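Remarks on the structure that follows.
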Amino acid sequence: MKNKERQPSTLCVQGTHAQTSGPAVVPITQTSTFVFENQQQMLDSVQGKSSGHVYTRWSNPTTENVEEKISALEGTEDTHVLASGMAAISSAVMGLVKGGERILSSDSIYGGTVQLFNKILPHSGIRVDYVDTDELVDRISDSGGTYKLIFFETPTNPTLKVVDIKKVADAARASGTTSMIDSTFGTPINQRPHKLGVDLVMHSATKYLGGHSDIIAGTLSGPTKIMADVRGAAKLLGGTMDPFASFLLDRGIKTLGVRMERHNFNAQYLAEKLEKDQRIRQVHYPGLPSHPHHDVARKQMDGFGGMLAIEIESDLAGTSTFVDSLEIFLNAVSLGGVESLASIPVLTTHYGLDEQALAEMNISESTVRLSVGIEDAEDLLGDLTSALDLVCN
Ligand SMILES: Cc1ncc(COP(=O)(O)O)c(C=O)c1O
């Protein structure tokens, strides 16, 4: 069977290899450096004329194995795996954008990315302009190629807004600008942005790709030409993935297909049940027909993901009691692991933002973010309704 015919779950387990001998599991090559027979061999590798590994900050066999698998899943020529999602974003930006050039970013992006853009990039003379997700396409089209990079995220955190990926990619291409997406919430099982025209696809692989809340990892996937600049920057910035973490990432990805089926199912089940509960003011989930971007989500996603947010009929004290009373959902930040997590954005990811900023993002003291895991859906619903019973009458 030709590799190009392999479906996502097969790629998750087997990658693109047609393996006939050797270990069934790619071993951990836990070494910092590699030995060569002579200077010529070493030089050929340093110059990229032969494919040998030289030094693990540059490349490593265990890491390369998982990179090939992610490229196959995303449909890109190349992938680079890094030590965190933030290492991926910073390496991409430093590799692609020079001092004096500008980035256009949608305003609904991960808080750490905002801080990188606002606090660190100005040191290098890089400016980031923000635009409402709904106005991103028009702004790109009106920009006349002013920007070097378009950055956006979909679905967004925590209210699960969905951006039309193809429209953004088309507008960026028409204006001669490189586009980059943070596709963490989407996963390559639910959406494949490169196939819709986005140049560079990034994940915090700490989340669904790893899937077990036991590694910190990031990925960048794109065409070889763009990735050459990104890899060059990553090599010098040094956010290199450790071989053991690469092994765990590969092991996590093997079950990504089945995990996402269950995440998608559980989150849809909870969203539909909770939407009917009078004690919940609003449920944010792109799989609900009531979600403002449901049609776009249906067009570009194969599943709606495991993240949802709810607005409880209560104040911050009640919201806190609700989360503290949960027994199956763990009171923790992060997302995308097999275990369900609950967090309150105003106390965690969006802590310290003023009321206006929160209102613009549709976040309030009543908002609870749920990372729905792969436990039994009825147990999860029971946990949520028991906690609601304690807070709302
Ligand atoms: C959407 C998104 N992007 C990027 C990141 C940063 O990833 P990491 O924590 O792996 O550096 C996070 C972390 O929570 C995230 O949720």
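The table below lists the values:
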item: Extension gain (nm, one decimal) between ASP132 and VAL46, 0.36 nm per residue minus Cα-Cα; result: 26.5 nm
item: Burial order of peptide ranges 369-375, 137-143 (average beta-carbon count within 10 Å, highest first); result: 369-375, 137-143
item: Vicinal HN-Hα couplings computed from phi for the range 24-35 (Karplus, 6.51 cos²θ - 1.76 cosθ + 1.60; Hz; Gly/Pro x); result: 6, 10, 5, x, 7, 8, 7, 9, 8, 9, 10, 9
item: Distance between modelled label sites at VAL13 and LYS276, nm, 7 Å Cα→Cβ extension; result: 3.6
item: Ranked packing of 225-231, 275-281, 351-357, 184-190, most packed first, by mean Cβ within 10 Å; result: 184-190, 225-231, 275-281, 351-357
item: Residues in the range 300-342 that a label on LYS195 would reach, taking backbone N under 17 Å of a point 7 Å out along Cα→Cβ; result: 300-305
item: GLU5 versus TYR269: modelled label distance in nm, points set 7 Å from Cα along the beta carbon direction; result: 3.5
item: Gain in span if fully extended, GLN115 to HIS294, counting 0.36 nm per residue against the direct Cα distance; result: 61.5 nm
item: Tilt relative to the chain, helix 256-275 - C-alpha long axis, 0 to 90 degrees, to 10; result: 20
item: Net charge dipole size for the chain [Lys, Arg +1 and Asp, Glu -1 on Cβ; Debye, nearest 20]; result: 1500
item: Local electrostatic count at GLU153 - Lys and Arg +1, Asp and Glu -1, tallied over other residues with Cβ under 11 Å; result: -1
item: Angle in degrees between helix 377-391 and the longest Cα principal axis of the chain, rounded to the nearest 10; result: 50
item: Sum of -39500 (n - 2.57) over DSSP H runs of 4+, divided by residues of the chain (222 nm, nearest 500); result: -11500 deg cm²/dmol
item: Spin-label pair ALA228/ALA174, simplified geometry with 7 Å Cα→Cβ offset, distance in nm; result: 3.0
item: Backbone N under 16 Å from the GLU37 label point (7 Å along Cα→Cβ), restricted to the range 47-74; result: 50-53
item: Among 361-368, 68-75, the order from most to least packed when residues are scored by Cβ within 10 Å on average; result: 68-75, 361-368
item: Percent RCO, i.e. relative contact order, over the range 8-254, from Cα pairs under 8 Å lying at least 6 residues apart; result: 27
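Values in this text are rule-based calculations from the coordinates and carry no lab data. Because the structure is predicted, anything quoted here is derived from the model rather than measured. All Cβ positions, even for glycine, are placed from backbone atoms using ideal geometry, and neighbour counts span all protein chains on display.
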